[in-house]
Amino acid sequence: MDIKLHEELLKELQTKYPTAVLDGAVNNDQWCSQKDKRLLWILKEVNDFAGDLRDLLNDPNELCKYSRWKSTYGLVAEVSYGLLTGEWVEDADRLVKDEKILQKIAVINVNKTGGTAKSETQKLVEAAERFHEVIFKQVQFLDPDIVILGGVGDVLSKWLPSNDTKRTWVSVGHPNRKAHKPYYDLVVKKLKV
């Protein structure tokens, strides 16, 4: 794990793409102190957001001001909590505000320049072509134990490592509006295979 190199990578990205949405470990101190499992989500793109996604996810009060935060991050919080603790809790508000679960994970997006409420497949494919080197350097520098590909396994498939003994890769649908417990059960099942 090399957080310093990750931060340098993001600075280079922002220099090349000034409107890039920065992402990675939500809270570097929490990420580095994880003992059992470091969990990274790779998602499609942010919805009408500019700036540093880590700042938003690190501040529950700011995140909860966005009326649709639970559409994606409610499920991300619940699944992350379940994977990190072994206990399923369907209460995104508590997990984000009290347990601060999002501070213990990393989230990166394929489309580094943001998007809209509904991602377009062709634009996502183009973003994967443009940013795959950055994405996989982020994975290398963050060094997660588990990588959850949330609706992006198909667009990243040609760059996925075929024999990665350092981490487990799980490809599932995007977490937006999925039934929460069945989604969690599917992730757990894929981790056991």
Go through (1) touching a strand residue (DSSP E or B) at 6+ places or on another chain (Cβ under 9 Å); (2) without any contact (Cβ under 8 Å) to a residue 40 or more places away in the chain; (3) not in a helix (DSSP H, G or I) and name the single condition Ile42 misses. (2)
When residues of segment 45-75 are filtered for being in contact with a helix residue (DSSP H, G or I) (Cβ under 9 Å, 6 or more places away or on another chain), part of a helix (DSSP H, G or I) and either farther than 23 Å from Leu13 by Cα or among the small types (Gly, Ala, Ser) (or both), how many remain? 10
Quick one: how many residues across segment 96-132 are part of a helix (DSSP H, G or I) and either more than 18 Å from Arg167 (Cβ to Cβ) or modelled with pLDDT under 95 (or both)? 16
Residues of segment 1-29 that turn out to be in a helix (DSSP H, G or I) and either under 25 Å from His174 (Cα atoms) or without any contact (Cβ under 8 Å) to a residue 24 or more places away in the chain (or both), as a count: 13
Criterion violated by Asp185 - all others in (1) touching a His at 6+ places or on another chain (Cβ under 6 Å); (2) exposed (fewer than 15 other Cβ atoms within 10 Å of the Cβ) satisfied: (1)
Against the definition (buried (at least 18 other Cβ atoms within 10 Å of the Cβ) and farther than 26 Å from Ala50 by Cβ), how does Val107 come out, yes or no? no
For Val21, the lone unmet condition from (1) surrounded by fewer than 18 Cβ atoms within 10 Å (Cβ to Cβ); (2) of a type in the set (Val, Ile, Thr); (3) touching a Lys or Arg at 6+ places or on another chain (Cβ under 9 Å) is (1)
Name the pairs: first residue in segment 168-193 and at positive phi and among the polar types (S, T, N, Q), second residue modelled with pLDDT of 95 or more and outside any helix (DSSP H, G or I), Cβ to Cβ under 6 Å, at least 6 apart or on different chains? none
Residues satisfying the stated conditions in segment 79-88, i.e. of a type outside the set (Phe, Trp, Tyr) and buried (at least 16 other Cβ atoms within 10 Å of the Cβ): Val79, Ser80, Gly82, Leu83, Leu84
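Quick one: which residue in Leu156, Leu149 is at pLDDT 95 or above and either part of a helix (DSSP H, G or I) or more than 14 Å from Ile42 (Cβ to Cβ) (or both)? Spell out how you get there, then give the answer.
Numbers: Leu149 fails: either part of a helix (DSSP H, G or I) or more than 14 Å from Ile42 (Cβ to Cβ) (or both).
Answer to the selection: Leu156.
The values are calculated or read from the model by the stated rules, or taken from the named source; none is laboratory data. Quantities reported herein were computed from a predicted structural model and do not represent experimental measurements. We place every Cβ from the backbone using ideal geometry, glycine too, and count neighbours over all the protein chains shown.
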